[in-house]
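*Asks:* Quick one: the structure is below, and I'll ask about it shortly.
The values are calculated or read from the model by the stated rules, or taken from the named source; none is laboratory data. Given the structure is predicted, the values throughout are model-derived calculations rather than measurements. Positions of Cβ are backbone-derived with ideal geometry, glycine not excepted, and every protein chain shown enters the neighbour counts.
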Amino acid sequence: MPPQPQAQPQPTAVPASLSPLPQADRRLTAAAQLMAGITPAAGDPVIDRFVALDSFRSHQAWMREQWAPVRARLSAMETWRDQNIRVPDARNRTMLYPFSGPDFLNAYALFPTHARYVFFSLERPSELPDLATKTPQEFTELLASVRDALRDIFERNYFITSYMSRQLTAPRLRGTVPVIAVMMALNNRHIVSAEPVDLFPELTAAYADPTAKRPRMPLRGMRIVFMDPATRTTQSLQYFSLDATDRALAFYPEFTTWLTRQGPATALVKSASYLLHDRQFLQVREALLSTADTVVQDDTGVPYRVLRQAGWDVKLFGEYRKPIPALAYGYQRDLQESFIRNGNPARLPFPFGYHWREGGAGSGLLIATRPVATASAPATTVR
C-alpha cells in the first residue's frame, strides 16, 4: 500500500487574471506558433533562423491546407454551442476533461470562457521544446512529428490512444503539452507560462525511493497559463498524467478529493473508450458527477442509465449508432431506445465521437444537467 500518512494536495488554482497586464512568454509562444505553422513576430534571432527554413515553409503550407476544414468544423461547433449550451458564470468555473489526451480543440470550442481547465489521461505531459537548443535538422524532424501527431484529431476529431503511445514519444516531440500548445496557437492564444505542478510532493518524494512500493505510472502534471492577446485575459490549463483506475488511485487517494474541490465545474467526455462504463473507474465517475453540474458527452461517457437513475436531466442531439466493433461492449440499448422514442433529434452539424465519417452523420451527443436544462432546440428532453 502507499506510504502513510497521505499527503494533502497543494493549492494549484490560477486566477483568471494574473495581473492587470499579463505578458506572454515570447519564446514559448513562438515555439507553439512555429509548430502550428504560424510565423511569429520577427526580431528574435533564435526564432527567425527557423522561419527562414524551407522545412518551415512546407510545414506552414501543410498546416494551412489541413486547418481550413478543421476551422470550418470548429465554427459549426461554436454555432451549435451558442444555441444549445448554457453555462452560467463560466469565467469563474473549471472545465473537467477526463481521458482527454491533448484535445484542447474540442474543449475550447465548446467551453472557451472557463477560467480553468483540468485534463487528465495516461499520456505524459512533458514540456515545450527549447528552440534555442535545436539544430535546423532537429527542428525539421520536430515539425514532421507535429504533423504526425495532428493527423487523427484533424481528420477524425479524436486521438487514437494506441497511436499516441508512438506519436507522443517521438525523438523530437514528447508528451501532450507541445500538442496542446499548438492548438492554443491555432486559436490565437499566447502562452504566459508552462511549468510543472505537483499536487502531492510528499508522495512524489516517497515514490522516488526505489525500495518503496510505488505506482507503475507516477502522477505528473503541467500547468499552462495562456492569454488572449487582444484582451489580455488569462486562463489556465492543468494537465495530469496518471492511471485513473480505482486500483491505481490507491497510490493517490486524494486525487479525486482534489477534483471535487474544483467546482463549480463543467465536464466534457468524448471518444473515451467507454471507460466510465467500467467498474474499474468508479472513483473518477463519482468524482465527476459530484463536482460537475453540466456534462457534455458522447455515448462513451457516463452511462445513460447512471445519469437517469441519479435524476439528471438529459437532452439528446444527433443520432445513436451502435459502438464500433472494437468497442461493442459499450452498447446501450436504453440509450438507443430513448433516441428512437424521441424521434431521433436532428443530426449534429459536426462529427463528435467514433462515428466521424460522413461529416458526423452518425454522431450523437448528450447534455446532462443536474438542474432543469435550458439548452434550446433542436434537442429532445428525455421523458
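*Asks:* Identify all residues within the range 315-331 that are closer than 23 Å to R156 by Cα and crowded, with 18+ Cβ neighbours inside 10 Å; write none if there are none.
*Replies:* L316, F317, G318, E319, Y320, P323, G330
*Asks:* Residues G360, G343, G330, G364: which one is under 24 Å from the mean Cα position of the chain (by Cα), modelled with pLDDT under 90 and farther than 22 Å from A90 by Cα?
*Replies:* G360
*Asks:* Answer yes or no: is there a residue in the range 194-213 that is out of contact with any strand residue (DSSP E or B) (no Cβ under 8 Å at 6 or more places or on another chain) and within 22 Å of T113 (Cα to Cα). Can you show your working first?
*Replies:* Going through the range 194-213, the residues out of contact with any strand residue (DSSP E or B) (no Cβ under 8 Å at 6 or more places or on another chain) turn out to be 200-213.
Of the ones still in play, those that are also within 22 Å of T113 (Cα to Cα) are none.
Among the residues of the range 194-213, not one is out of contact with any strand residue (DSSP E or B) (no Cβ under 8 Å at 6 or more places or on another chain) and within 22 Å of T113 (Cα to Cα), which makes the answer no.
*Asks:* Helices (runs of 4 or more DSSP H) wholly in the range 177-252 with at least 1 residues that are free of Cβ contacts under 8 Å to residues at least 12 places away in the same chain - which ones?
*Replies:* Per the criteria, 201-207.
*Asks:* Can you pull out every residue in the range 130-169 that is at pLDDT 95 or above, closer than 23 Å to F240 by Cβ and touching a helix residue (DSSP H, G or I) at 6+ places or on another chain (Cβ under 6 Å)?
*Replies:* V146, A149, listed by residue number.
*Asks:* Further question: Which number in (1) assigned to a loop (DSSP other than H, G, I, E, B); (2) in contact with a helix residue (DSSP H, G or I) (Cβ under 9 Å, 6 or more places away or on another chain) marks the one condition that L282 misses?
*Replies:* Going through (1) assigned to a loop (DSSP other than H, G, I, E, B); (2) in contact with a helix residue (DSSP H, G or I) (Cβ under 9 Å, 6 or more places away or on another chain) one by one, L282 breaks only (1).
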